Amino acid sequence: MIEYFFSLATIALIWTIVAQSYNLSFGLAGLFNLGHVIFFGIGAYAAAILNTRFGFNFLENLGLAALISGTVASGFGILTLRLRGHYLAIATLGAAMIAQVVALNWLELTRGPLGIRGIDEPQIFGEIFVGDTLPHFLLYFGIAATLLFFLWKLFQSPWGRLLRAIRDDELAAIAVGKNIFAAKLWALVLSAALAGVAGAMYAHYRVFLDPSIFALSEIILLILIVVIGGRGNFWGNVASAFLIVGVLSELPRFLNFPETLLGAARNIVYAGLLIATMFWRPRGIFCRRKK
Amino acid sequence: MSDFLKISRLRKKFDGVHAVENLNFEVRKNSITGLIGPNGAGKTTVFNLITRFLKSDSGEIFFRGETLKNLPPRKIVDLGIARTFQQIRLWKNLTVRENLLLACSKKYDRWWDCFRRRNEADAERKIDEILEKFGITNLKKMHASDLSYGQSKLVELARTILTDAEILLLDEPAAGINPTLLKTIEKIIFDLKKSGKTLLVIEHNMPFLMKISDEIVAIDGGKFLCQGAPAVVQKNPKLLAAYLGDAREILKSEKC
């Protein structure tokens, strides 16, 4: 049983990084980007391919996944960041759909629906962290803590303040001489690089990868975590990722729902939480209520 | 230097309607110039064109002899032109201090600066000084969303001043505020002039504007009407016609 909890906690840690990276671009900078899973997926596929075909190890793959996702995001950002609001959302959602189609059909690279098997388990410093779920959890906890510390520094910095200003009113930010395009582009690139790292962690942890990583349900899960945690709220999103991925996603199983109904029951739990949040805590359940 | 800010043959059209048409005027250095005209005359459009929030169809704007053509709005601020808005635009989810800090410097505006040791003491000192001068020190830690209309006006003005621009474009600074606050704003504007700043002010409160301005530029339908000292411009028949229109003819005929 304890193995199961560590495994669940490890997955929750990965989703904490993805959600927090999305919180940087969507929560802090206000970029309503519905294609964030692209960067998570690219990081995962980059790690899977680099590991199984070229023999790159876990640690190298973390760096390379960040680099590849960040580079793709910079091109993606230059093309889409002139768009605003709904237009940006539609363009990025379209890009996510295209990514899934590419992953499904580019058989030479991704093996399509068959997926990529035989990805090495996460390891670092030789064999120390190989083996059971506890060493994996400890390794992932260390990586997540480092990345979250980096993100927390960003959130607290004057740059984080600038992103919040851009989210609230772009014109006012321009009126005091800020380069809002550069700030938004960097927000997207950094958030993509972090999502790429999380993707690599995911691929190595699951040791198998298929195109479902780009699915719409993953995008909705990300938005759910950030909305429940509160847009731009750092610790709220950490708590929200653990609550949703670590607890609520498994709630139907704890309540002994039949296996065939687990997916539907999970969606009902998510929808109920989202509706309740919209009614009583529209700024997120971990934010103070506005007087 | 007469052509500190020079507007030359400026044109802007929206869907076939001329918002600004062949407009020419100049603003002298270290002066307060009022920009007046009836509603829809194109005053705010002129501000948007100067600050490059809008691109002109033709014509040029020169600041200290240099054209502003092809510059992005943020570069206009770097050159020394800053503005306020007709509708107050504060960052509502930030505190007054954070609103002002953002205008103070660009020193830590890059993400990698988060690893540098920060020293915002200079900026904090400037903020404390301006808040004290404006008599709103008590608002420093408040969120902008919790401010009253008048307080928001003062904070927006403070934010614009903290950009350290040489010329400030103020869009209706006296609109919707009480007489006490009006006096405060009047004093702030005079102090700004004393400190060497140049001001271009849009305002519908004529007694206020006539009192503070060294010069008035009047426009109507995007076209230049007249420019001169307040006392002279007030009597200009073109301006009276623009503001009173047919009413003036009716009043004349009633007198007869």
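The values are calculated or read from the model by the stated rules, or taken from the named source; none is laboratory data. This structure is a prediction, so every number in the text was calculated from the model and none was measured. As a convention, Cβ positions derive from the backbone with ideal geometry for all residues, glycine included, and neighbour counts pool all protein chains shown.
Return the only residue of B:126, B:133 being under 20 Å from residue A:162 (Cβ atoms), away from chain A (no Cβ under 13 Å) and in contact (Cβ under 8 Å) with a residue 12 or more places away in the chain.
After applying the criteria, what remains is B:126.
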Qualifying position, being among the small types (Gly, Ala, Ser) and farther than 17 Å from residue A:203 by Cα, among A:103, A:46, A:65, A:73: A:73
Return yes when residue B:115 is in contact with a Pro (Cβ under 8 Å, 6 or more places away or on another chain) and either under 20 Å from residue A:157 (Cβ atoms) or facing chain A (nearest Cβ under 8 Å) (or both) and no when it is not. no
Select, from A:104, A:114, A:109, A:93, the only residue that is loosely packed, with under 12 Cβ neighbours inside 10 Å, within 22 Å of residue A:213 (Cβ to Cβ) and touching a residue at least 24 places away in the same chain (Cβ under 8 Å). A:114
If you take the residues of segment B:67-120 that are closer than 30 Å to residue B:6 by Cα, touching a residue at least 40 places away in the same chain (Cβ under 8 Å) and touching a strand residue (DSSP E or B) at 6+ places or on another chain (Cβ under 7 Å), which of them is surrounded by the fewest Cβ atoms within 10 Å (Cβ to Cβ)? B:86
The lone exception for residue B:120 - which of (1) more than 12 Å from chain A (Cβ to nearest Cβ); (2) at pLDDT below 95 it fails: (1)
Assess whether residue B:169 counts as being out of contact with any His (no Cβ under 9 Å at 6 or more places or on another chain), hydrophobic (A, V, I, L, M, F, W, C), surrounded by 20 or more Cβ atoms within 10 Å (Cβ to Cβ) and touching a residue at least 24 places away in the same chain (Cβ under 8 Å). yes
So, of the residues in segment B:82-130 that are among the aliphatic types (A, V, I, L, M) and under 20 Å from the mean Cα position of the chain (by Cα), which turns out to be nearest to residue B:200 (Cα to Cα)? B:82
Any residue in segment A:214-234 that is hydroxyl-bearing (Ser, Thr, Tyr) and under 21 Å from residue A:138 (Cα atoms)? no
From the option list A:50, A:79, A:67, A:8, single residue qualifying as surrounded by fewer than 19 Cβ atoms within 10 Å (Cβ to Cβ), aliphatic (A, V, I, L, M), farther than 13 Å from residue A:191 by Cβ and free of Cβ contacts under 8 Å to residues at least 60 places away in the same chain is A:79
When residues of segment B:38-58 are filtered for being closer than 17 Å to residue B:200 by Cβ and more than 14 Å from chain A (Cβ to nearest Cβ), how many remain? 7
Does residue B:214 count as of a type in the set (Asp, Glu) and more than 18 Å from residue B:89 (Cα to Cα)? yes
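To keep it simple, each residue is scored yes or no on (1) more than 9 Å from chain B (Cβ to nearest Cβ); (2) under 30 Å from residue B:116 (Cα atoms).
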residue: A:107; (1), (2): yes, no
residue: A:142; (1), (2): yes, yes
residue: A:147; (1), (2): yes, yes
residue: A:153; (1), (2): no, yes
residue: A:167; (1), (2): no, yes
residue: A:173; (1), (2): no, yes
residue: A:178; (1), (2): no, yes
residue: A:183; (1), (2): no, yes
residue: A:186; (1), (2): no, yes
